[in-house]
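Read the structure below first, then the notes.
The values are calculated or read from the model by the stated rules, or taken from the named source; none is laboratory data. All figures in this text were calculated on a predicted structure; none of them were measured in a lab. Here the Cβ positions follow ideal geometry from the backbone for every residue, glycine too, while neighbour counts run over all protein chains shown.
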Amino acid sequence: MTSQKNRFETNQKIRSVLVRHAVDLTRLEYSCSSSTVYLYGVLIKEPDGEFSPSNIEGLVNELLHLPYIRHVQFDLDNWNISSEFGSWSITKKRQPTEALPERERIVVIEKKEQIEDVLKDLKSDESKEPTDKETDVQTPKD
C-alpha cells in the first residue's frame, strides 16, 4: 500500500514540475515506474511555444531531484534527448514537412544505364540548377 501511495505522490510531483515549466500536457504523456520517469509525445510549451535545450535540461534536472527518481527516459516526436557521459544530449528533431537538403534529394532511375554514365550526368548536374522535374519524386513506369 505504501508503494502505491509513493507512486501517486511521485506522479503528482512530476505533474507539478511539468506545469511549472509550462509543458503542454495535452501533447505530452508521462508515467513513473520504480525510479524512472517516462515522457512520450510532443514536448512543447503552452500555448504553442518552443523549448530551448537549456529549458529542457532544467526540466530534466528538476525531475531528477524528486524523491525516488533516478532516471528519465524520453520517446518524443520533436526532440532527441539522451544522457551521455553524465550530461544531456538534447537536439531538435527535423519535422517531416521540412524540405530535404539538396544532398538528400531522392533520385529515381527509370532505365538501366552504365554507372560511369550516371556519374558523369550527376557531375554535370551539380553545376546546373535543378528543374522541377528533377526535384519531384517520380515512380518508375512498368
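Scan the stretch 55-66 for residues that are out of contact with any His (no Cβ under 8 Å at 6 or more places or on another chain), in contact (Cβ under 8 Å) with a residue 40 or more places away in the chain and part of a helix (DSSP H, G or I) and jot them down.
Answer for the stretch 55-66, where residues must be out of contact with any His (no Cβ under 8 Å at 6 or more places or on another chain), in contact (Cβ under 8 Å) with a residue 40 or more places away in the chain and part of a helix (DSSP H, G or I): just 63.
So which residues in the stretch 67-117 are part of a loop (DSSP other than H, G, I, E, B), of a type in the set (Asp, Glu) and at pLDDT below 80? First the steps, then the outcome.
At the first step, the residues of the stretch 67-117 found to be part of a loop (DSSP other than H, G, I, E, B) are 67-70, 77-78, 85-86, 93-101, 105-114.
From what's left, of a type in the set (Asp, Glu): 77, 98, 110, 113.
Within the stretch 67-117, 98, 110, 113 meet the criteria.
What pairs can you find where one residue is in the stretch 21-34 and farther than 16 Å from residue 6 by Cα, the other is at pLDDT 95 or above and exposed (fewer than 12 other Cβ atoms within 10 Å of the Cβ), and their Cβ atoms are less than 8 Å apart, with a gap of 6+ or different chains?
Within 8 Å, the pairs are 25/19.
Considering only residues that are outside any strand (DSSP E or B) and at pLDDT 90 or above, which ones fall in the stretch 35-49?
Narrowing the stretch 35-49 to residues outside any strand (DSSP E or B): 35, 42-44, 46-48.
Scanning the stretch 35-49 gives 42, 43, 44.
Test each condition in (1) within 19 Å of the chain's Cα centre (by Cα); (2) part of a strand (DSSP E or B) for residue 32 and report the one that comes out false.
(1)
Which of the residues belonging to the stretch 78-90 are exposed (fewer than 14 other Cβ atoms within 10 Å of the Cβ) and in contact with a strand residue (DSSP E or B) (Cβ under 8 Å, 6 or more places away or on another chain)?
Filtering the stretch 78-90 down to residues exposed (fewer than 14 other Cβ atoms within 10 Å of the Cβ) leaves 80, 82, 84-87, 89.
Those that are exposed (fewer than 14 other Cβ atoms within 10 Å of the Cβ) and in contact with a strand residue (DSSP E or B) (Cβ under 8 Å, 6 or more places away or on another chain): 80, 82, 89.
Looking at the stretch 1-29, which of its residues are surrounded by 14 or more Cβ atoms within 10 Å (Cβ to Cβ), hydrophobic (A, V, I, L, M, F, W, C) and in a loop (DSSP other than H, G, I, E, B)?
Scanning the stretch 1-29 gives a single hit, 22.
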